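Everything below concerns the one structure shown next.
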Amino acid sequence: MTDLLALSLFLAASAVIIYHHVGYPVVSKLLALSNTDDLPSFYHRHYRVTPLDHMLPRICLVMPGYNEEACIQEKIRNLACIDYPEDKLHIVIYCDGCTDDTALLARRTLQEPECQHLQSTVVEKTINCGKVAVLNKAISLCHCDVIALSDVSALLSIDCLLITAAQLSNDKTGVVCGSYHFLHSLSVGEQAYWYYQRKIKAQESAAGATLGVHGAFYAFRKELFEKLPSDTINDDFTLPISIVMKGYQCLYDPRITTLELEQACIDMDFRRRQRIACGNVQQAIRHIGLLHPRFGKIALNFLSGKFLRPFISIFLLVVLLTSVELARTFALFQIILVAQLIAYGMTFYYLTASRQPTQKPLKIFYYILSGHVAMAFGLIRYITGYKAGEWGKIKQKQQGSHRTKGVPR
């Protein structure tokens with residue numbers, strides 16, 4: 001490899017990496033500037049039956065779950081506090097081959113005085129079919145105007161459905177999602193990442209469509225739903241983006257708040273990110289049509305963010321290999337190479353030791369770089385035939401007790 005070719009590849013790969021991390025947020029913000037629409041006002045019921053209730057859509061809130069006994073009671077009590085007409089809301093709790101007491105606790109909690117007003121169905125299946133199969137089955141059985149999907153482990157703000165109804169009163173809106181927060185944050189890096197994600201989603205929404213939603217809660221028009229392919233990995237991207245590709249908006253409303261109760265350990269978080277990375281590769285390939293110029297700003301946002309993300313590890317590898325070549329000739333690239341080796345060495349050390357740096361800047365840097373390492377593993381797993389299927393159990397330690405979290409494997 002000649003020095004000129006190596007330098008060209010180094011500069012090109014570096015430009016892509018810098019654009020994805022620095023340029024894209026700036027571009028996304030500029031694309032959002034042209035939209036001056038305010039968030040729509042919503043109907044404040046204050047838990048009172050009013051003549052305007054009949055104007056609200058019928059909503060079916062579906063919660064698929066696997067071994068969720070640690071959270072199911074808190075979730076049902078949370079749903080009992082949501083301000084929405086009782087006759088307009090139906091809750092479906094779909095227990096997918098649970099081996100614990102999720103269904104038993106759900107039925108018991110629904111009999112509590114404060115929860116008895118909920119219209120609900122508890123579906124208990126003995127065979128674990130996987131989340132995508134559950135979604136396809138449960139949604140197809142719902143007879144309503146709007147489907148809302150929510151994780152059992154996430155609590156919802158009491159006015160989330162009223163805000164959802166206000167957003168969907170616009171015929172151009174097909175999907176609505178909200179902001180995602182953690183009760184117990186794993187790290188400074190994770191906090192910074194989710195703060196960044198909330199800003200990006202707000203900017204994408206202002207440009208026409210949020211690309212992917214937080215699976216903890218989102219809602220969409222039932223009539224727009226199409227069954228998901230059985231091998232879908234990231235359903236919370238594939239489902240809403242299929243509606244966007246029909247010409248509808250997917251809007252982010254920060255007033256809708258979800259609070260995640262589960263706390264992942266470092267090992268669990270890294271495995272989760274690998275699985276998501278597999279899904280990112282899948283969605284980039286399957287939805288490449290979203291790059292068509294007819295999608296305008298949405299296409300540019302997709303290219304800059306979701307499409308590039310799973311392949312950044314390839315560009316990082318190009319930068320590393322070309323640095324090795326150029327370091328033979330240029331002293332500057334010897335420094336650049338050493339810096340990269342230190343960065344990767346630090347990342348792999350903390351990953352294998354299940355630890356994190358103590359300094360805040362290093363924590364953020366580590367979280368970003370370890371994310372790309374997870375992306376690299378995810379890319380390899382997808383190429384070698386990773387398949388989505390049954391939900392798996394990953395044990396975690398939290399405040400002296402063991403809890404489990406259902407994760408598709």
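The values are calculated or read from the model by the stated rules, or taken from the named source; none is laboratory data. The structure presented is a predicted model; accordingly, all values stated were derived computationally and were not measured. Note that we place each Cβ from the backbone using ideal geometry, even for glycine, and neighbour counts take in every protein chain shown.
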For Ser150, are the conditions met, namely being out of contact with any Pro (no Cβ under 8 Å at 6 or more places or on another chain) and buried (at least 21 other Cβ atoms within 10 Å of the Cβ)?
yes
Could you tell me which residue of the stretch 293-328 is surrounded by the fewest Cβ atoms within 10 Å (Cβ to Cβ), considering only residues that are part of a helix (DSSP H, G or I) and among the charged types (D, E, K, R)?
Arg294
Any chance Arg272 is surrounded by fewer than 19 Cβ atoms within 10 Å (Cβ to Cβ), in contact (Cβ under 8 Å) with a residue 40 or more places away in the chain and not assigned by TED's automatic domain parsing to the domain that holds Ser157
yes
In the stretch 1-33, which residues are assigned to a helix (DSSP H, G or I) and over 33 Å from the mean Cα position of the chain (by Cα)?
Asp3, Leu4, Leu5, Ala6, Leu7, Ser8
Residue in the stretch 93-132 that is surrounded by the fewest Cβ atoms within 10 Å (Cβ to Cβ), counting only those that are touching a Pro at 6+ places or on another chain (Cβ under 9 Å) and among the aliphatic types (A, V, I, L, M):
Val132
Could you tell me which numbered condition Leu135 fails, if it satisfies all but one of (1) touching an Asp or Glu at 6+ places or on another chain (Cβ under 7 Å); (2) at pLDDT below 95; (3) outside any loop (DSSP other than H, G, I, E, B)?
(2)
Need at least 1 residues that are among the charged types (D, E, K, R) and surrounded by fewer than 24 Cβ atoms within 10 Å (Cβ to Cβ) per element, so show me which helices (runs of 4 or more DSSP H) inside the stretch 154-263 make the cut, counting only ones lying wholly within it.
188-206, 235-244
Do any residues in the stretch 77-88 that are surrounded by fewer than 17 Cβ atoms within 10 Å (Cβ to Cβ) have Cβ atoms under 9 Å from those of residues that are aromatic (Phe, Trp, Tyr) and at pLDDT below 95, where the two are at least six apart or on different chains, and which pairs are they?
Asp83/Tyr47
Only unsatisfied item for Gln191, checking (1) more than 25 Å from His46 (Cβ to Cβ); (2) at pLDDT 95 or above, is (2)
Output for the stretch 39-71, where each listed residue is small (Gly, Ala, Ser) and more than 22 Å from the chain's Cα centre (by Cα)
Ser41
